[in-house]
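Have a look at the structure below before the remarks.
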Amino acid sequence: MTGPQIDSGAPAAKRAVAAPALRQNAATRSTIDGVIVLARSVGGTTRASLSFRCGAADEPLPQRGISHLIGHAASEAAGQDPAGCPVTVSASSTTFHFTGNALAVANEIGAVCHWLGAAIHPTGIDERALDRARAAAAADQRQHAEEHTSAIAARFGPAGWAGGDLTEIGLGELDRAQVAAWVARYFTRGNAVLALSGTKATTLRVPLPPGEYVDFPELPHSALQTPALIAAASPRLRVGALLRTDPATLDRDRAVAGLATEIVRSRSAYAVGQRFGREISIAGGPMALGRDHVHAALWAEVNERQEAKVADLVVEAIDSLAGDGLVDGELAAHTARRAARLSKAEANPASAHDLLTRQALGALNESPWSPALERRLVQTATADQVGEYVKQFTSSMLLSMHEVAPPIRNWSGGLPAPRFEVTAPAHKSRPAYGRDRTALARLHSDREGITIRRLDRPDRQLRWSDVVLAETWDDGRRRLTGARGQRIDVRPYRWAEPDEVVREIDARIPPETRARIGAGDDRDPAPQTLLDRIDPRGWLAMAGACALLLLLAAPPLLPASLSWVRWVLGAIGLVGLVVCGAFALETVRTERRFGTTPPAETLTKQPDS
């Protein structure tokens, strides 16, 4: 968090005005009822933030939204106004916000702690209050840092640090036992920190439940070959990169990584501005992924006409920066601008408490941070350190855009999905045959996994062991998400035997990955054609029978007195042979095409199934 933008041309004297006051009002660290507290004594309104080291990255995908649900339930118990004191959930933390006079803030903190202390047991959670919290959390539902999480999902898959990219699908089905278990693990005094601006409290009124600090979730290994080009569903520009940090020099590396990201953004914005002026704005920033990595991202809103050109300009600007290095005075200008932003944010009461909250989270995570420390680290950063991170940005770059055919870059196309051999019999779609190749499909479900085979695109395959989320609807719809981001959506109205398809899928998906979503669409099945109603072998049999009628109509087999019979049998046999033979040929050719293994899946913007 760097605070608001400022005019880089402001006089140096103005930038330094707030420094003596900041030193006098520096945050002091203490412990209250087992909770780490960073407090700053200031006059006026008291503000407080009670944060827990728990966020979207910790949530299993079927329980996505559980931290948000707990936040709303505890906030409602404290009588807080959600508009004035919203509960915020990031990738790695959940924070309750309080504002008012000192007594009101202390009472609200005590009420939140009281609810959390009672909620470690399922019997301490009121079901009606939990239902109200579900409704409030659903209305307040929002994705976290989509610009980062969408790129992280393409790099590592949808689980873990990319979880904030998904909607909070667990809100409707989370029960009291699951909520109590989550509170007992994460919402404890050892996993909490309090940031306080105003009159310092001497007690939390009600102590938090006992518990230990829970470390960040590990970042999984990625099989993505970078640089990579990923297809997006709509025109946009997203650039993500993974920068490594050393836990031994974490504070310095994070500061330099943030500075390098700002320099990359500035270079890209300048290149795009030369071509498009102020029509397109390039934004960007870093996001810490635990102690070992920082994710840097750039993003811009573009239309179909602009997308490819903007992507080329951005990538060329980054390559030029990595190859040619910084120009004279560029590093000094950026360090001065970044340090000025921190100073101005510290002097502004509206953002000073947010900086204090970040400082408190750093104390909880044993990664000390303060505005003064970051200013010093940024001002001492060298060109070699920045250049190293720019090279990491270039080598680990992931570009996400809508138009990738033909690709603008000869880059890899996303996470590889290992294929497996299909051995199970096929379930046919509705319709199963016909001229519309885009509507025809076959579904195979065997011990290894599920396969959706179509004639107009490569196979979509997903191993049962790779399923991380199975969304279920009451109407039989099943949407499966894999660890590499594969997604297969099975809608019952599209299959000739929907009950059998749903039974096979339910018997094989891991129970811990299920998440019930709701009632579903309950749509009528797709219409069946004449070809669907008769088995392909039936058409062959009927064509053979018609051929026999033609043979019976031949002159040697019937006397001359029955010539009219020959004509009738011959006409029936000829018409039947042509019609049934054509239908038999169509079904056989379709089945032969479905029996041929298509090429491996490549970049596609097609629907899930």
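Brief remarks on what is shown
- Selection over the range 181-202 of residues that are in contact with a helix residue (DSSP H, G or I) (Cβ under 8 Å, 6 or more places away or on another chain) and surrounded by fewer than 19 Cβ atoms within 10 Å (Cβ to Cβ) gives a count of 1.
- Residue in the range 484-496 that is among the hydrophobic types (A, V, I, L, M, F, W, C), under 25 Å from the mean Cα position of the chain (by Cα), buried (at least 19 other Cβ atoms within 10 Å of the Cβ) and closer than 17 Å to residue 524 by Cα present: yes
- Applying the criterion of being in contact with a helix residue (DSSP H, G or I) (Cβ under 7 Å, 6 or more places away or on another chain) and of a type in the set (Val, Ile, Thr) to the residues of the range 28-78, the residue that is farthest from residue 173 (Cα to Cα) is 46.
- Considering residues of the range 228-253 that are touching a residue at least 60 places away in the same chain (Cβ under 8 Å) and more than 18 Å from the chain's Cα centre (by Cα) only, the residue nearest to residue 149 (Cα to Cα): 243
- Of the residues making up the range 414-469, those that are assigned to a strand (DSSP E or B) and either under 24 Å from the mean Cα position of the chain (by Cα) or β-branched (Val, Ile, Thr) (or both) are 449, 450, 451, 452, 460, 461, 462, 463, 467, 468, 469.
- Filter pass, residue 472 being within 30 Å of residue 582 (Cα to Cα), in a strand (DSSP E or B) and at pLDDT 90 or above: no
- Among the helices (runs of 4 or more DSSP H) confined to the range 105-201, the ones with at least 3 residues that are of a type in the set (Lys, Arg) are located at 127-139.
- If you go through the range 458-494 and pick out every residue that is in contact with a Ser or Thr (Cβ under 6 Å, 6 or more places away or on another chain) and farther than 21 Å from residue 63 by Cα, you end up with 3.
- Condition met for residue 419 (surrounded by fewer than 19 Cβ atoms within 10 Å (Cβ to Cβ) and touching a Gly at 6+ places or on another chain (Cβ under 6 Å)): no
- Any hit, the range 325-338, residues being within 25 Å of residue 92 (Cβ to Cβ) and small (Gly, Ala, Ser): no
- So residue 99, is it in the same structural domain as residue 166 (by TED's automatic domain parsing), under 19 Å from residue 354 (Cβ atoms), within 29 Å of the chain's Cα centre (by Cα) and among the hydroxyl-bearing types (Ser, Thr, Tyr): no
- Count of the range 313-330 residues, restricted to those that are surrounded by fewer than 21 Cβ atoms within 10 Å (Cβ to Cβ), touching a residue at least 60 places away in the same chain (Cβ under 8 Å) and assigned to a helix (DSSP H, G or I), is 3.
- Checking each residue in the range 203-227 for being surrounded by fewer than 16 Cβ atoms within 10 Å (Cβ to Cβ) and under 24 Å from the mean Cα position of the chain (by Cα) picks out 214, 215, 218, 220, 221, 223, 225.
- Residue match in the range 498-507 (condition: surrounded by 19 or more Cβ atoms within 10 Å (Cβ to Cβ), at pLDDT below 90 and either in a helix (DSSP H, G or I) or not assigned by TED's automatic domain parsing to the domain that holds residue 585 (or both)): yes
- Identification of helices (runs of 4 or more DSSP H) wholly contained in the range 522-609 with 3 or more residues that are touching a Phe, Trp or Tyr at 6+ places or on another chain (Cβ under 6 Å) and either over 30 Å from residue 486 (Cβ atoms) or at pLDDT 70 or above (or both) yields 563-594.
- Residue count for the range 363-376 under the criterion of being surrounded by fewer than 20 Cβ atoms within 10 Å (Cβ to Cβ), within 32 Å of the chain's Cα centre (by Cα) and not charged (D, E, K, R): the result is 3.
Every residue, every condition in (1) among the β-branched types (Val, Ile, Thr); (2) more than 30 Å from residue 194 (Cα to Cα), yes or no:
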position: 323; (1), (2): no, yes
position: 329; (1), (2): no, yes
position: 372; (1), (2): no, no
position: 394; (1), (2): yes, yes
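- Every condition in (1) over 15 Å from residue 173 (Cα atoms); (2) surrounded by 24 or more Cβ atoms within 10 Å (Cβ to Cβ) holds for residue 84 except the one numbered (2).
- Subset of the range 291-302 (residues that are closer than 18 Å to residue 268 by Cβ and not in a strand (DSSP E or B)): 301, 302
- The test for being within 23 Å of residue 222 (Cβ to Cβ) and touching a residue at least 12 places away in the same chain (Cβ under 8 Å) does not hold for residue 275.
- Residues (of a type in the set (Ser, Thr, Tyr) and farther than 18 Å from residue 397 by Cα) located in the range 232-264: 234, 249
- Taking the listed residues 417, 424, 441, 363, the one that is touching a His at 6+ places or on another chain (Cβ under 6 Å) and either of a type outside the set (Phe, Trp, Tyr) or within 25 Å of residue 92 (Cβ to Cβ) (or both) is 424, with no other qualifying.
The values are calculated or read from the model by the stated rules, or taken from the named source; none is laboratory data. Just so it is clear, the model here is predicted, and its values are computed rather than measured. FYI the Cβ positions are ideal-geometry reconstructions off the backbone, even for glycines, and counts take in every protein chain you see.
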